[in-house]
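*Asks:* I'd like to ask you about the structure that follows.
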Amino acid sequence: MTYRGRRVGRISFNHKPYANEMRLRWRWFLNDTQRNRMADGRTATREEAMAAFRHQFDTLPDDTIAKTG
């Protein structure tokens with residue numbers, strides 16, 4: 001995913017998840033190096049991953065590393 005021409009993260013489908021992650025196959029990562037903030041999580045659908053990524057992008061403070069579900 002890009003913001004103003006710079007890469008800030010990604011969303012991907014996990015084709016070979018571990019058994020305990022079968023229902024959460026979409027992974028998202030926020031890696032905004034310009035604002036020094038990182039977060040990641042797993043969701044059941046692509047739409048949920050997009051919403052979770054956007055929420056973290058909009059609300060995560062600078063200089064923060066967060067882990068969500």
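The values are calculated or read from the model by the stated rules, or taken from the named source; none is laboratory data. Owing to the predicted nature of the structure, the values given are computational and were not obtained by experimental measurement. Note that each Cβ is placed from the backbone with ideal geometry, even for glycine, and that neighbours are counted across all protein chains shown.
*Asks:* Hey, does segment 33-55 have a residue that's in contact with a helix residue (DSSP H, G or I) (Cβ under 8 Å, 6 or more places away or on another chain) and of a type in the set (D, E, K, R)?
*Replies:* Checked segment 33-55: at least one residue is in contact with a helix residue (DSSP H, G or I) (Cβ under 8 Å, 6 or more places away or on another chain) and of a type in the set (D, E, K, R).
*Asks:* Separate question: I need a count of the residues in segment 39-66 that are on the phi < 0 side of the Ramachandran plot and surrounded by fewer than 17 Cβ atoms within 10 Å (Cβ to Cβ).
*Replies:* 16
*Asks:* To continue, here is another question. Of the numbered conditions (1) of a type in the set (D, E, K, R); (2) crowded, with 17+ Cβ neighbours inside 10 Å; (3) more than 14 Å from the chain's Cα centre (by Cα), ARG23 satisfies every one except a single condition; which is it?
*Replies:* (2) is the only condition that ARG23 fails.
*Asks:* Give THR45, THR33, THR2 a once-over and let me know the one that is over 12 Å from the mean Cα position of the chain (by Cα), among the polar types (S, T, N, Q) and modelled with pLDDT of 95 or more.
*Replies:* Selected residue: THR45, the only one of THR45, THR33, THR2 that is over 12 Å from the mean Cα position of the chain (by Cα), among the polar types (S, T, N, Q) and modelled with pLDDT of 95 or more.
*Asks:* Sticking with this one: Kindly provide the set of residues from segment 33-69 that are under 16 Å from SER12 (Cβ atoms) and among the acidic types (Asp, Glu), ordered by number.
*Replies:* Answer for segment 33-69, where residues must be under 16 Å from SER12 (Cβ atoms) and among the acidic types (Asp, Glu): ASP40, GLU47, GLU48.
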